[in-house]
Protein chains: 2
Amino acid sequence: MTISRAAQAAGVGVETIRFYERRGLIKQPLKPRNGGFRSYHSDAVARIRFIRQAQEIGFSLREIEELLALEADPKADCGEVRGQAQLKRDEVRRKIIQLKRMERALDRLIATCPGSGALGACTILDGLAAPRTAKTRPITNGAHTKRAKKVHAMKTVTFTIEGMHCEACASTIRALLQTEPGVTGVDVSFARKKARVLFDPEIAREAAFRDKIAKAGYRALAEPQPK
Amino acid sequence: MTISRAAQAAGVGVETIRFYERRGLIKQPLKPRNGGFRSYHSDAVARIRFIRQAQEIGFSLREIEELLALEADPKADCGEVRGQAQLKRDEVRRKIIQLKRMERALDRLIATCPGSGALGACTILDGLAAPRTAKTRPITNGAHTKRAKKVHAMKTVTFTIEGMHCEACASTIRALLQTEPGVTGVDVSFARKKARVLFDPEIAREAAFRDKIAKAGYRALAEPQPK
DNA sequence: TTACACGCCGTACTATAGTACGGAGTCAAG
DNA sequence: CTTGACTCCGTACTATAGTACGGCGTGTAA
């Protein structure tokens, strides 16, 4: 197999193979002494494929080099390879958590940017630049904690919303309310000009909903609550 | 706050701050007209921290620039900012999907790796070198192709495996066999010391299974096939 | 047999994301 | 008022992961 065939088979460019050879990731086949072109074995293709896939899951060429070195080492232990993979996985997991935080921040930003009204403080910075992740509160010793899984009495409140001019506005308000802590259900109707929120009164406050809606440029009028 | 204090607070080097300034990611505070050093506000620190965290989760500086642009100019047309934010959110979602894929791939590798023992049995290296998902076969034009969706006569073969000493060994063999092209089903029982493989005889060969199992350090004895 | 596509090889270039360095200016403590 | 730490600024260098280019040699097919 010529280099271009091998490149094709492995799904990379010819130059990339040469680059890997230079980097020592794959060994260059010898040129036949009677002249002619180097011949690439399908093993080389497998190796290149390995490199690419390992890269895709986040390994750098240096790390891949180490992995490949382990493979070549007859007394290497499989546990080592496994350990590398675990480290990578942890890294990936951390990244996913961060990205989710960012996604939420963007959701919030999108929600608070209704297409009209002041865009107040943007929340992307808050979303990520959170060295203060309040979640990291000290873990109290289970034996001492009194707080049993409390039965929450959920509450519903309905607002009449003024200022919505399309379905998008309703979406905005929906998204906005959903980001409030303690809120478990939201139903906003553009047609009926209503927003209904199901929430835990021990966590969320009605006033916060009104504030949030007002900040987005709408007016929320609390309805007398039936019941 | 001087630049070195800001750098310290943000956890980067002084040169990095200057680099971000040059790149336009953060604006350089003005030098006091009466001479002296520039003064950095804690907002700048927050911004730098944001940049770092966004980078960590896979955003390039260019992308971060765009993210930060969302936060800046509050007088920008809100609809535009919203649109940008939505694009960014989609990007974030794509990143999450990609990372989850990586995580799953790593999980698979970790799960099937016996965790100790000779590398011959390490399925990570095998798993990564596997000719990725043959799904990318060229789509032949339906009208011209003669090859109707051939009815494959699948075949089953059962081996008696010697040398398995725990369930993990069974997993290893399972994973190993699953990577073989043409294999559509694998059932390995540690208790019964058996491996059953469902495969397409036009693609896979029984000998290849035995080889692979042997390479992993087990012995596979073909059983007489009950038709 | 001759064209031309490919192979070989070295060097150079790209982008991203910093780091390092050298010289001049500035501040603040001893 | 000197010294040392720090700032400022531009230029240059580093690593990673390739990609491109130019000149030459070679293999194959018309």
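A few remarks follow.
- Residue list for region A:73-93, filter: surrounded by fewer than 18 Cβ atoms within 10 Å (Cβ to Cβ) and more than 8 Å from chain B (Cβ to nearest Cβ): A:Lys75, A:Glu80, A:Gly83, A:Leu87, A:Asp90, A:Glu91
- If you go through region A:36-51 and pick out every residue that is without any contact (Cβ under 8 Å) to a residue 24 or more places away in the chain and more than 9 Å from DNA strand D (Cβ to nearest atom), you end up with 4.
- Single unsatisfied condition, B:Leu30 versus (1) more than 14 Å from chain A (Cβ to nearest Cβ); (2) within 12 Å of DNA strand C (Cβ to nearest atom): (2)
- Here B:Ala54 meets the list (1) of a type in the set (A, V, I, L, M); (2) within 22 Å of B:Glu66 (Cα to Cα); (3) modelled with pLDDT of 95 or more almost entirely, failing just condition (3).
Here's the yes/no breakdown for (1) within 16 Å of DNA strand C (Cβ to nearest atom); (2) modelled with pLDDT of 80 or more; (3) open to solvent by 10 Å² or more (accessible area, probe 1.4 Å):
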{"site": "A:Glu65", "(1), (2), (3)": "no, yes, yes"}
{"site": "A:Glu71", "(1), (2), (3)": "no, no, yes"}
{"site": "A:Asn141", "(1), (2), (3)": "no, no, yes"}
{"site": "A:Lys149", "(1), (2), (3)": "no, no, yes"}
{"site": "A:Phe159", "(1), (2), (3)": "no, yes, no"}
{"site": "A:Glu167", "(1), (2), (3)": "no, no, yes"}
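- Failed condition for A:Arg33, given (1) within 15 Å of DNA strand D (Cβ to nearest atom); (2) within 34 Å of the chain's Cα centre (by Cα): (2)
- In region B:9-24, the residues that are open to solvent by 40 Å² or more (accessible area, probe 1.4 Å) and more than 9 Å from DNA strand D (Cβ to nearest atom): B:Ala9, B:Gly11, B:Arg23, B:Gly24
- Residue in region A:45-60 that is farthest from the chain's Cα centre (by Cα), counting only those that are within 16 Å of DNA strand C (Cβ to nearest atom) and surrounded by fewer than 18 Cβ atoms within 10 Å (Cβ to Cβ): A:Ser60
- Residues in region B:17-27 that are in contact (Cβ under 8 Å) with a residue 12 or more places away in the chain and within 11 Å of DNA strand C (Cβ to nearest atom) were compared, and the one that is farthest from the other protein chains (Cβ to nearest Cβ) is B:Arg18.
- Candidates A:Val92, A:Val12, A:Val81: the one that is of a type in the set (A, V, I, L, M), out of contact with any strand residue (DSSP E or B) (no Cβ under 7 Å at 6 or more places or on another chain), within 13 Å of DNA strand C (Cβ to nearest atom) and under 29 Å from B:Glu56 (Cα atoms) is A:Val12.
The values are calculated or read from the model by the stated rules, or taken from the named source; none is laboratory data. Since this is a predicted model, take the numbers as computed values, not measurements. Note: ideal-geometry Cβ built from the backbone for every residue, glycine included; neighbour counts use all protein chains shown. Each accessible area value is taken on the protein alone, full model and side chains, heavy atoms only, with ligands, DNA and RNA left out. Shrake-Rupley method; radii C 1.70, N 1.55, O 1.52, S 1.80 Å.
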